[in-house]
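Q: Quick one: structure below, then a few questions.
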Amino acid sequence: MIGRRTLVGAAAAFASLPMMAAEAEDVAVASRSFQTSDGVSLHYLDATPTRGGNPHHVLVLVPGWTMPAWIFGPQILYFARFCRVIAFDPRGQGDSEVPAFGYTAGRRGQDIAELLAALRVPKVVLLGWSLGVLDSLAFVASHGGSQLSGLVLIDNSVGELPAPHAEPVTPRRRHQRPAPYPVTMNAFVRGMFHTPQREDYLERLVRTCLITPESAARALLNYQVPRTVWHDAVYAAGVPILYCVRPGLAGQAGNLARNDPQAESVIFPTAGHALFVDDAGRFNAVLAQFLRQRIWT
């Protein structure tokens, strides 16, 4: 299924990024969807090289909490010149259907499995950011790593030591109501970036994130899964792993790189949570080197 709405929205998002015009000319982006086993229509962007490249090499991108596929605009435009890039809208996000159910780690991992089945490719490099890290590891926990040629995990805990510190919570005054969902989302989106972003880009991102209903957003922040599940999935994947994080997760990054001979970790000290947008040039270079030297040799 191909829809114009997402192509227009994605093009508008890409236009706000500091990309070379030649990069966009070398990439064809289609908007597609598939039906899950529980009857939900899920959407993805399918980007391929228009000249050269290797469309048999496939990179699948899974965004974070409430985020749309097109937030990976810098990676779609860069890597789709060389390989096929799939940017996924998880259920309740972006241009995917918004059901009243399925906002659990197990179901989201199964959604990734069914996405890969719909793509009909033998192997992919699976990249997850933020909540997408947990969704990707839920897929590995249930289905193993046989469909993967590599795993890229961005700025979330992977169950390694040390456990992340809980953010301090400012107690509300008596009778003080919590901030409305749109206000909270606006603050969250703007807080993901260290580098200033264009206002129209930020406003578009906030509007898109608010597609996810508040009840679903809360469920996604409350996966009832022990940390050991993520830890065991990482080490059971059996593929080269790239772990890109900010300094707060440097301890886990160091332990993962020491304990898993197939893992390498990279710290982004001056980037925000959306580090692949904030420091897109460095992130793309790091990922390209990982793919070239460890995966697609």
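Q: Looking at R108, R81, R91, R120 in this structure, which one is under 21 Å from S37 (Cβ atoms) and more than 16 Å from the chain's Cα centre (by Cα)?
A: Details: R108 fails: more than 16 Å from the chain's Cα centre (by Cα); R81 fails: under 21 Å from S37 (Cβ atoms); R91 fails: more than 16 Å from the chain's Cα centre (by Cα).
Going through R108, R81, R91, R120 in turn, the sole match is R120.
Q: Something else now. Could you list, in sequence order, the residues of segment 109-124 that are among the basic types (K, R) and in contact with a strand residue (DSSP E or B) (Cβ under 9 Å, 6 or more places away or on another chain)?
A: Looking only at segment 109-124, we keep the residues that are among the basic types (K, R), and these are 120, 123.
K123, the sole residue that qualifies.
Q: All but one of (1) in contact with a strand residue (DSSP E or B) (Cβ under 7 Å, 6 or more places away or on another chain); (2) β-branched (V, I, T); (3) touching a residue at least 60 places away in the same chain (Cβ under 8 Å) hold for T208; state the number of the condition that does not hold.
A: (1)
Q: Failed condition for T208, given (1) under 21 Å from L275 (Cα atoms); (2) in a loop (DSSP other than H, G, I, E, B), with all others met?
A: Tallying (1) under 21 Å from L275 (Cα atoms); (2) in a loop (DSSP other than H, G, I, E, B), T208 fails exactly one: (2).
Q: Output the qualifying pairs, or none if there are none: Cβ atoms under 7 angstrom, residues six or more apart or on different chains, first residue in segment 176-192 and touching a residue at least 24 places away in the same chain (Cβ under 8 Å) and surrounded by 15 or more Cβ atoms within 10 Å (Cβ to Cβ), second residue of a type outside the set (G, A, S) and not in a helix (DSSP H, G or I).
A: Matching pairs, first to second residue: M185/L210; M192/H273.
Q: Further, regarding this structure: Can you report the number of residues in segment 261-286 which are part of a helix (DSSP H, G or I) and touching a helix residue (DSSP H, G or I) at 6+ places or on another chain (Cβ under 9 Å)?
A: Within segment 261-286, residues that are part of a helix (DSSP H, G or I) and touching a helix residue (DSSP H, G or I) at 6+ places or on another chain (Cβ under 9 Å) number 8.
Q: Sticking with this structure for a sec: On the basis of being in contact (Cβ under 8 Å) with a residue 60 or more places away in the chain and not aromatic (F, W, Y), does A250 make the cut? Even if it seems obvious, please write down each step before you answer.
A: Details: in contact (Cβ under 8 Å) with a residue 60 or more places away in the chain: no; not aromatic (F, W, Y): yes.
No; evaluated as a whole, the condition is false for this residue.
Q: Taking only segment 213-237 into account, find how many residues are part of a helix (DSSP H, G or I), among the hydrophobic types (A, V, I, L, M, F, W, C) and exposed (fewer than 15 other Cβ atoms within 10 Å of the Cβ).
A: 1
Q: Count, please, the residues in segment 65-74 that happen to be crowded, with 23+ Cβ neighbours inside 10 Å and farther than 15 Å from I211 by Cβ.
A: Quick first cut of segment 65-74, residues crowded, with 23+ Cβ neighbours inside 10 Å only: 66-73.
Now drop any that are not farther than 15 Å from I211 by Cβ, which leaves 72-73.
Summing the residues that are crowded, with 23+ Cβ neighbours inside 10 Å and farther than 15 Å from I211 by Cβ in segment 65-74 gives 2.
Q: Related question: Any residue at all in segment 222-239 that is within 18 Å of the chain's Cα centre (by Cα), touching a residue at least 12 places away in the same chain (Cβ under 8 Å) and more than 20 Å from R258 (Cα to Cα)?
A: yes
Q: Take P168 and decide whether it is closer than 29 Å to P269 by Cβ, surrounded by 11 or more Cβ atoms within 10 Å (Cβ to Cβ) and at pLDDT below 95.
A: no
Q: Do you know which of the residues in segment 75-101 that are out of contact with any His (no Cβ under 6 Å at 6 or more places or on another chain) and polar (S, T, N, Q) is surrounded by the most Cβ atoms within 10 Å (Cβ to Cβ)?
A: Ranking the candidates gives Q93 first.
Q: Shifting gears a bit: Tell me, which residue of segment 241-260 that is in a strand (DSSP E or B) and of a type outside the set (F, W, Y) is surrounded by the fewest Cβ atoms within 10 Å (Cβ to Cβ)? Give the derivation first.
A: Going residue by residue through segment 241-260, those that are in a strand (DSSP E or B) are 241-245.
Filter once more, keeping what is of a type outside the set (F, W, Y): 241-242, 244-245.
Numbers: I241: 24, L242: 22, C244: 26, V245: 25.
Result: L242.
Q: For L126, indicate whether it is surrounded by fewer than 21 Cβ atoms within 10 Å (Cβ to Cβ) and aliphatic (A, V, I, L, M). I'd like the intermediate steps shown before the answer.
A: On the way: surrounded by fewer than 21 Cβ atoms within 10 Å (Cβ to Cβ): no; aliphatic (A, V, I, L, M): yes.
Taking the combined requirement at face value, the residue does not satisfy it.
Q: Of all residues in segment 254-279, count the ones that are under 20 Å from Q75 (Cβ atoms) and of a type outside the set (F, W, Y).
A: Kept after step one, since they are under 20 Å from Q75 (Cβ atoms), are these residues of segment 254-279: 264-268, 270-279.
The next check asks that each one be of a type outside the set (F, W, Y); those that pass are 264-267, 270-275, 277-279.
So the answer is 13.
Conditions tested, residue by residue: (1) closer than 19 Å to F139 by Cα; (2) in a strand (DSSP E or B).
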| residue | (1), (2) |
| --- | --- |
| A28 | no, yes |
| D38 | yes, no |
| G52 | no, no |
| V58 | yes, yes |
| G64 | yes, no |
| I71 | no, no |
| R84 | no, yes |
| G94 | no, no |
| G102 | yes, no |
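Per-residue answers, yes or no, for (1) among the basic types (K, R); (2) under 24 Å from D95 (Cβ atoms); (3) surrounded by fewer than 21 Cβ atoms within 10 Å (Cβ to Cβ):
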{"position": "A117", "(1), (2), (3)": "no, yes, yes"}
{"position": "L131", "(1), (2), (3)": "no, yes, no"}
{"position": "A141", "(1), (2), (3)": "no, no, yes"}
{"position": "P196", "(1), (2), (3)": "no, no, yes"}
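Q: Would you say D135 is surrounded by 20 or more Cβ atoms within 10 Å (Cβ to Cβ), of a type in the set (D, E, K, R) and touching a Pro at 6+ places or on another chain (Cβ under 7 Å)? Before you say what the answer is, go through the steps one by one.
A: On the way: surrounded by 20 or more Cβ atoms within 10 Å (Cβ to Cβ): yes; of a type in the set (D, E, K, R): yes; touching a Pro at 6+ places or on another chain (Cβ under 7 Å): yes.
Here the answer is yes, as D135 does meet what is asked.
The values are calculated or read from the model by the stated rules, or taken from the named source; none is laboratory data. Just so it is clear, the model here is predicted, and its values are computed rather than measured. Quick reminder, even Gly has a Cβ in these numbers, built from the backbone with ideal geometry, and neighbours come from all protein chains shown.
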